Amino acid sequence: MDAMAAGNDMDTPAYNRIKDWPEDERPRERLLQHGESVLSDAQLLALLLRTGDHASGSTAVDIARQLLNRYGENLEAVSAASVKELCESPGIGMAKACEIKAAFELGRRWLARRSGPLLQVRSSRDVANYYMPMLAGLKREQFQALLLDRKHRVTRDVMISQGSLTASVVHPREVFNPAIRDSAAAVICVHNHPSGDPQPSQEDRQLTARLVEAGRLLGIPVLDHIIVGSDRYM
């Protein structure tokens, strides 16, 4: 009986709980004592995950480290992963994956709103700074049209399309229909490159030429077509 019990103990991994760690090593206690800035990426993720995996004996920190390692220690790659992809990492189920996605989305929204709404366009940098937090890191191309009045004040921001992993399918009428309805004086087009490289493709250049020509015929000039990458724009 004793031998059988010993054998079962060897087969079952010890569940190393974070609450059993020294207090100054636990993520939550470290945050309370020293602030969130002292925590590593893995420790911050562990606070989101809250619990470990009893079956494998992994703590929340272990699971967070495995997740970061899976994505090359790249938080942007973790942020871009789908719920299904996150669930492929050991110890992460649907609930934990949704919590991770929600945390990254809150961060993106805070960055996008940090300087308030884009009210007036003075340069392409104004537009890029507004859209980069929202579009950088997305796995699909998203095409936006910014509608302006005669003083380049923003009247509306319209999502025109969400494309495949490699390309957006945009027709000039989709861009100019809302511009005509809103009596826009000018349009600025924006889209992202999921690769993170904002270098325009031949298709991007051809689309820009078509949009500029359509705007010329309609009397609604296209002031710019901005491509957003991970941390750069063109």
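The values are calculated or read from the model by the stated rules, or taken from the named source; none is laboratory data. These numbers were taken from a predicted model, which means no experiment stands behind them. Cβ sites come from the backbone with ideal geometry, for glycine too, and all protein chains shown count toward neighbours. Accessible surface areas use protein heavy atoms only, side chains included; no ligands, DNA or RNA. Shrake-Rupley method; radii C 1.70, N 1.55, O 1.52, S 1.80 Å.
Listing for the model above:
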item	result
Residue count for segment 130-146, restricted to those that are assigned to a loop (DSSP other than H, G, I, E, B), modelled with pLDDT under 85 and crowded, with 16+ Cβ neighbours inside 10 Å	3
Any hit, segment 107-129, residues being modelled with pLDDT of 90 or more, of a type in the set (K, R) and either surrounded by 15 or more Cβ atoms within 10 Å (Cβ to Cβ) or over 26 Å from V212 (Cα atoms) (or both)	no
Selection count, segment 220-232, where residues are modelled with pLDDT under 95 and open to solvent by 20 Å² or more (accessible area, probe 1.4 Å)	3
When residues of segment 46-92 are limited to those that are under 22 Å from M132 (Cβ atoms) and in a helix (DSSP H, G or I), the one most open to solvent (accessible area, probe 1.4 Å)	E76
Check on K96, open to solvent by less than 60 Å² (accessible area, probe 1.4 Å) and outside the structural domain of M132 (by the TED database)	yes
Pairs with Cβ under 9 Å, 6+ apart, first in segment 53-71 and in the same structural domain as A95 (by the TED database) and of a type outside the set (K, R), second assigned to a strand (DSSP E or B) and open to solvent by 10 Å² or more (accessible area, probe 1.4 Å)	T59/D53; A60/D53; D62/D53; I63/D53; Q66/S58
Among the residues listed as D204, D149, D182, D197, the single one being open to solvent by 30 Å² or more (accessible area, probe 1.4 Å) and within 26 Å of the chain's Cα centre (by Cα)	D197
Cβ-Cβ under 7 Å pairs, at least 6 apart or on other chains, segment 81-110 side closer than 14 Å to L68 by Cβ, far side part of a helix (DSSP H, G or I) and hydroxyl-bearing (S, T, Y)	F104/S79
Unmet criterion (only one of (1) under 21 Å from R125 (Cα atoms); (2) open to solvent by 70 Å² or more (accessible area, probe 1.4 Å); (3) not acidic (D, E)) for L217	(1)
Pairs, first under 14 Å from L47 (Cβ atoms) and in a helix (DSSP H, G or I) in segment 16-36, second among the hydroxyl-bearing types (S, T, Y) and at pLDDT 60 or above, C-beta under 7 Å, six or more apart	I18/T59
